[in-house]
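One structure is given here, and the rest of the page talks about it.
The values are calculated or read from the model by the stated rules, or taken from the named source; none is laboratory data. Every value quoted in this text rests on a predicted model; they were computed, and no experiment measured them. Backbone-built Cβ (ideal geometry, glycine too); neighbour counts: all protein chains shown.
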Amino acid sequence: MLPSDGKALEDMAFDLISNANALAGQTHPIVTESVGSLVRSMNCYYSNLIEGHDTHPHDIDRALHKDYSTEPRKRALQIEAVAHIEVQKAIDEGEDPKDFPASSAYAVWLHREFCRRLPDELLWVEDPETTRRIQLTPGALRDGEVVVGRHLPPPAAMLSEFLQRFEHVYSPQSLSKVRQVAAVAAAHHRFLWIHPFYDGNGRVARLMSHALLRRLGVGNSLWSVARGLARNVGDYKALLMAADDSRRGDLDGRGNLSQAALDAFCHFFLRVSNDQVRYMSSVLQPKELLRRMELYVEDETGAGRLPKGSFPLLREALLAGEFERGQAPSLTGYKERMARTVVSKLLDTGLLVSPSHVARVRLGFPVAVVERWFPALYPVSSYAQ
């Protein structure tokens, strides 16, 4: 249930705590909130990808603006994407249950909140052997048996016992901070091994991991482990499968599991988490982000798509978090009417956002700029329309 004590794993957990804390203080809190919205969309994209659902960032962005495709399958996947984002937003904003995330109550909440937002066609699963179709009930534990690849999860009648054991082992009261961080990785696998729902377990496990890291003060809205898992999906699935398989010298699928395989998965999970924190730290480094923003604005201004004077306003929004519209003349060096025109254009493009026509403005991150401002956030192929 827990990884072995070991210096390598402990060092990785310490690094994650340190690096995540540094990342959290790297940007203005208001900018952090805006980046968080972008990261939720990214997290959704990569979590969908792991499930075999390739929903392009542009389609996710359109769905967030209530612009759904007329093609039924694409529309369903857009709704699925919005469901994921809304549940993660609740976690990020502290609107989730007070239960510890590694618990059956929290898992049921995640499953219910995600699935109740899905269209009917995504609430059906089919047993590949019997072809029996089962309709998912949001938040309901399975009442029958399933096979996941070569793995036989615990019988439905024993789920409550396994979930009670799960809660007991991963309770934070009995673990040091470093051990709690390492235990997030172990809980991720062991929850999937229990497989308490007919479908949606992978989604719940990744959202649970996100919530666990946030509760531990390590995770935040600026990074997501899902990106790393998806970009290493072959290793992710192979290591999950290896940790499922007790034929590595232990007992059968319902007996003792391989400690070595669990340790290997935990090392992978923490390495990937550290990679994601370092990646986001690099792209959010203010000096470099400003340089990429300025190059983008120069190109757009030269093409006539943005007015001159745009960059000083975007720079102020990044460094100060937000600014009053009345500051635009002094920031751009233009007279009031022209300065208002520049602000209006930036609001039209989504590069600046504001809750009302008189409120302060802050930086926006429309999909159109993501590839330039945050290189490699998504795979290059994902931007194809």
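A few remarks follow.
- Qualifying residue in the range 104-121 (condition: assigned by TED's automatic domain parsing to the domain that holds residue 165, over 18 Å from the mean Cα position of the chain (by Cα), touching a residue at least 60 places away in the same chain (Cβ under 8 Å) and within 23 Å of residue 180 (Cα to Cα)): yes
- Filtered residue count, the range 124-140, keeping only those that are surrounded by 14 or more Cβ atoms within 10 Å (Cβ to Cβ) and either modelled with pLDDT under 80 or not in a loop (DSSP other than H, G, I, E, B) (or both): 3
- Any hit, the range 319-336, residues being in contact with a strand residue (DSSP E or B) (Cβ under 8 Å, 6 or more places away or on another chain), part of a helix (DSSP H, G or I) and modelled with pLDDT of 95 or more: yes
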